[in-house]
Amino acid sequence: MIFVYRTSAVGPSGTPLSDYEEGALIKLNEGGSPVEFYVSKHDYESSLNGAGRTLVVRKDVYDQRKWHSSKVNAWASCTMRSWLNSTYKGLLDADIQEAMGTTTYRYTPGNGNTTVSTRSDAVFLLSLTELGQSNRDANVEGSALPIASTLRIAYRNGSATTQWTRSPRTNNTYVAWRMGSDGLIYYNDCNY
């Protein structure tokens, strides 16, 4: 799960995020405990948001959950997006929530709509493209992140695991893309 800070926001050590190199780890409080996040991209989607936004990505996955409660690959109405922007966001310290605001990003609506669009959220998943991957049944949603190769394999409790992307498979209405524990791309029913 990822979110975007204003680059001028102060990181955990009192240092502005703009002073951290892409790929650096910072600790942010989540549920009152420090958790590691990668500084993944300065000026994230600047053509949509203007300059000065820094993308941070949680180092380890929070848990394993369904992309959607039903077999529908519509990102705007999916239960994962809703959970990220309510329950998960609420775990972050108030100053973090204030500094992140909302960010506009590129996404494919899904459920039969395969036109790349934009939407704004506070917290969202990476796209297949941002992880440096592509497939004929996936749209280009943004661009590969500078640390995409680092982010391809996700971990939970020290073991490699799978991670969902926000990218639906474009040739159907019930499947979304995920990265496997081996760093390769797969797809599953959204209620998997």
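The values are calculated or read from the model by the stated rules, or taken from the named source; none is laboratory data. Nothing here was measured: the structure is a model prediction, and the numbers come from that model. For neighbour counting, all protein chains shown are included, and Cβ atoms are generated from backbone atoms with ideal geometry for every residue, glycine included. Remember, those area values only see protein heavy atoms, side chains included, never the ligands or the DNA or RNA. Shrake-Rupley method; radii C 1.70, N 1.55, O 1.52, S 1.80 Å.
If you filter the range 100-116 down to residues that are in a strand (DSSP E or B) and in contact with a helix residue (DSSP H, G or I) (Cβ under 9 Å, 6 or more places away or on another chain), you find that the one that is most open to solvent (accessible area, probe 1.4 Å) is Arg106.
Residues in the range 35-48 that are of a type in the set (A, V, I, L, M, F, W, C) and open to solvent by less than 30 Å² (accessible area, probe 1.4 Å): Val35, Phe37, Val39.
Out of Gln163, Gln97, Gln133, I need the residue that is in contact (Cβ under 8 Å) with a residue 40 or more places away in the chain, open to solvent by 30 Å² or more (accessible area, probe 1.4 Å) and under 24 Å from Asp43 (Cα atoms). Which one? Steps first, please.
Values: Gln163 fails: under 24 Å from Asp43 (Cα atoms); Gln97 fails: in contact (Cβ under 8 Å) with a residue 40 or more places away in the chain.
Sole residue among the options that is in contact (Cβ under 8 Å) with a residue 40 or more places away in the chain, open to solvent by 30 Å² or more (accessible area, probe 1.4 Å) and under 24 Å from Asp43 (Cα atoms): Gln133.
Checking each residue in the range 29-45 for being outside any strand (DSSP E or B) and in contact with a Gly (Cβ under 8 Å, 6 or more places away or on another chain) picks out Asp43, Glu45. Only one of the numbered conditions (1) on the phi > 0 side of the Ramachandran plot; (2) without any contact (Cβ under 8 Å) to a residue 24 or more places away in the chain is not met by Gly112, and that is (2).
May I ask you to verify whether Ala51 is aliphatic (A, V, I, L, M), surrounded by 14 or more Cβ atoms within 10 Å (Cβ to Cβ) and modelled with pLDDT under 95? Here the answer is no, as Ala51 does not meet what is asked.
Scanning the range 117-130 for residues that are open to solvent by 30 Å² or more (accessible area, probe 1.4 Å) and either of a type in the set (D, E, K, R) or at positive phi (or both) gives a single hit, Arg119. Being farther than 22 Å from Ser181 by Cα and among the charged types (D, E, K, R) is a property that holds for Arg53. Selection over the range 136-160 of residues that are open to solvent by less than 30 Å² (accessible area, probe 1.4 Å) and either assigned to a loop (DSSP other than H, G, I, E, B) or under 21 Å from Lys71 (Cβ atoms) (or both) gives a count of 6. The residues of the range 21-31 that are free of Cβ contacts under 8 Å to residues at least 24 places away in the same chain and open to solvent by less than 70 Å² (accessible area, probe 1.4 Å) amount to a single one, Ala24.
Restricting attention to the range 18-28, which residues are in contact with a Gly (Cβ under 7 Å, 6 or more places away or on another chain) and assigned to a strand (DSSP E or B)? Before the answer, list the steps.
Pass one, the range 18-28, residues in contact with a Gly (Cβ under 7 Å, 6 or more places away or on another chain): 20, 26.
Result: Ile26, single match.
Report yes if some residue within the range 152-164 is within 16 Å of the chain's Cα centre (by Cα) and more than 22 Å from Thr87 (Cβ to Cβ); otherwise report no. Yes, because at least one residue in the range 152-164 is within 16 Å of the chain's Cα centre (by Cα) and more than 22 Å from Thr87 (Cβ to Cβ).
I'd like to check something: does the range 131-146 contain any residue that is closer than 19 Å to Arg58 by Cα, within 13 Å of the chain's Cα centre (by Cα) and among the acidic types (Asp, Glu)? For the range 131-146, residues closer than 19 Å to Arg58 by Cα, within 13 Å of the chain's Cα centre (by Cα) and among the acidic types (Asp, Glu): absent. For the structure I just gave you, tell me whether Trp83 is open to solvent by less than 40 Å² (accessible area, probe 1.4 Å) and either part of a helix (DSSP H, G or I) or β-branched (Val, Ile, Thr) (or both). For Trp83, the condition - open to solvent by less than 40 Å² (accessible area, probe 1.4 Å) and either part of a helix (DSSP H, G or I) or β-branched (Val, Ile, Thr) (or both) - is met. Residues that are within 14 Å of the chain's Cα centre (by Cα) and of a type in the set (A, V, I, L, M, F, W, C) within the range 79-97 comprise Met80, Trp83, Leu84, listed in sequence order.
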